[in-house]
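Quick notes on the structure that follows.
The values are calculated or read from the model by the stated rules, or taken from the named source; none is laboratory data. None of the values given here were measured: they were computed from a predicted structure. Glycine gets a Cβ as well: all are built from the backbone with ideal geometry, and neighbour counts include every protein chain shown.
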Amino acid sequence: MRTLLSVLFGMAMTTTLMGQEAYKMGGERECFFDDFLLDKSKTTMELRLHHPVNRGPVLVHDAPWEGDGCGFYNFFFDDSYPGFDGSHPNGVYRMYYLAWQMPSKEPNGKPGTERLVCYAESADGIEWVRPNLGIIEWNGSKENNIIVNGDIINPFIDNFMVFRDDNPACKPEERYKGIAIHQHKLWACVGPDGLHFKTSHIICSKGSFDSLNVVFWDERANIYRGYIRGGHYDPKGRPTSYGGVIRDVMYSESKDFVNWTDPKQIEFTDDEDIALYTNNVIPYFRAPQLYIGTPTRYIERVEWNGSFEELGGRDRRKRRMEMHVRYGLTVTDCIFMVSRDGKKFSRFDGECFMPPEPENGRNWIYGDCYPSRGFAVTPSIVPDSPDELSIYVQGYSWMVDPVQLIRYSIRMDGFASLHAAGKETIAVTKPLIYDGKDMFINFATSAMGYLYVTLIDAEGNRYPSCETFGNTVDRRVVFDDPEAVAKLSGKIVTIEFRMRDGDVYSMQFR
């Protein structure tokens, strides 16, 4: 076997076996978030984007040091931390967010407050608590969940992103790392426990940074990856309130977290030049060869028109414009993007992943659809159903009332799928090599719908499955030849999906 092309820094390979080139997927789960695995010349199925479902608020930021400016949530599951009170030996989700009150022109508006970084945690992703940490004094008391104030970084903290550094070379006293904007530069903050931080060094000085910038240790690539807020001039010369600059995402990487490459704008498979405020890039934990992001898309209209007159919350929108015109003319939503090298992303040709909810007078604003960075595995609201993924989104930003942290849920691996409508269609993969004795799929059909999976070897021999129907995140595929999967393991095959009225979200051999 001879290696021809290594992608993903050696994690997934294109190999040549008996003169034929094939993608080596091994036993990893592959999700249909992009068309990378597909032979598009033989595929008639649609690659469909799905959307999360609103499950209601899990936190209301009504503490005196919080308010309507809370945002830039980021969290991760920490299996080495038993929770603030020590009652969760298996670990908790640890969340970090910016807390403050935006000054308002509303009749009942409030004065602006200082910006702080606060902490919350959850054992199950459903119930979140804000523990009294006793770290930072606020208004004469340390009974709060504040972990960073202006004395630690600066009085105008704009963001704070935290990750646990699992690099084996990481010093114990720096195991938890944060990044924040300070003096127009992106600074690293380090600490031993995820609660106490000190500033360390400058990561980057080229960028805008006024967003949730992202860094993390990528153990598969053995590097640190960074995704930061940048900007470029619109080549079409379209007017914006930001001097003709379009917000974008820039990429940088480092081997030691100290020396970073010069940031460069990430690429997209489409050519639409659209403003992205955040990025939320993260390796998908069930298929870490995929880097996914849920960036907020920034859409600025150039002038007030009749639709704004009819859009919910007109009067509040006009008062926001007294602070800055773009606060009234801009609306935001969220898209989904995916990459296999961390540098070039596809994003479903501009389709929205998370649109603003139906108008209620406090949404359809600049501040809608800013998801957290991170996903929690949470139980379904339907008893005895598979676990789901939860995403958390700030609601009612800069609208006087306290921000609500709203939980959204989506099917496991459910961001996108191979989809067949009411008529039978097929999807055929490129040649690939798997490792395993059984094939498992995450799929759903209607009662009338069906799915057939066929393995095809290099000589064209076909090994079909029985008719498959149902709805589950982990179904073993039953083939007419019960030894088919094992016999073809390690050999070049293509996979044909023939389906009617259904979806295939992911597959895995094991």
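Consider ALA287 against the criteria (1) surrounded by 14 or more Cβ atoms within 10 Å (Cβ to Cβ); (2) modelled with pLDDT of 95 or more; (3) closer than 23 Å to VAL162 by Cβ: it satisfies all of them except one. Which criterion is unmet?
(3)
Got a number for residues in region 68-99 being at pLDDT below 95 and either touching a strand residue (DSSP E or B) at 6+ places or on another chain (Cβ under 8 Å) or under 22 Å from ARG175 (Cα atoms) (or both)?
1
Within region 152-172, how many residues turn out to be of a type in the set (Phe, Trp, Tyr) and outside any strand (DSSP E or B)?
So the answer is 2.
Test PRO155 against the stated conditions and say whether it is within 20 Å of SER211 (Cα to Cα), assigned by TED's automatic domain parsing to the domain that holds CYS189 and not aliphatic (A, V, I, L, M).
yes
If I ask for residues that are within 15 Å of the chain's Cα centre (by Cα), in a loop (DSSP other than H, G, I, E, B) and not aromatic (Phe, Trp, Tyr), which ones from region 305-342 would you list?
ILE335, ARG340, GLY342, listed by residue number.
Condition (residue is surrounded by fewer than 18 Cβ atoms within 10 Å (Cβ to Cβ) and among the acidic types (Asp, Glu)) applied to region 402-422: is it met by at least one residue?
Within region 402-422 (the criterion being surrounded by fewer than 18 Cβ atoms within 10 Å (Cβ to Cβ) and among the acidic types (Asp, Glu)), the answer is no, since none of the residues qualifies.
Check whether at least one residue in region 108-116 is modelled with pLDDT of 95 or more and surrounded by 23 or more Cβ atoms within 10 Å (Cβ to Cβ), and report yes or no.
For region 108-116, residues modelled with pLDDT of 95 or more and surrounded by 23 or more Cβ atoms within 10 Å (Cβ to Cβ): present.
Any idea how many residues of region 64-114 are in a strand (DSSP E or B) and either in contact with a helix residue (DSSP H, G or I) (Cβ under 7 Å, 6 or more places away or on another chain) or aromatic (Phe, Trp, Tyr) (or both)?
Count: 8.
For region 466-504, give me the residue count where each residue is within 33 Å of the chain's Cα centre (by Cα) and of a type in the set (Lys, Arg).
Residues in region 466-504 being within 33 Å of the chain's Cα centre (by Cα) and of a type in the set (Lys, Arg): 4 in total.
Collect the residues in region 458-483 that are in a strand (DSSP E or B) and farther than 16 Å from LYS437 by Cβ, keeping them in residue-number order.
ARG462, PRO464, THR468, ASN471, THR472, VAL473
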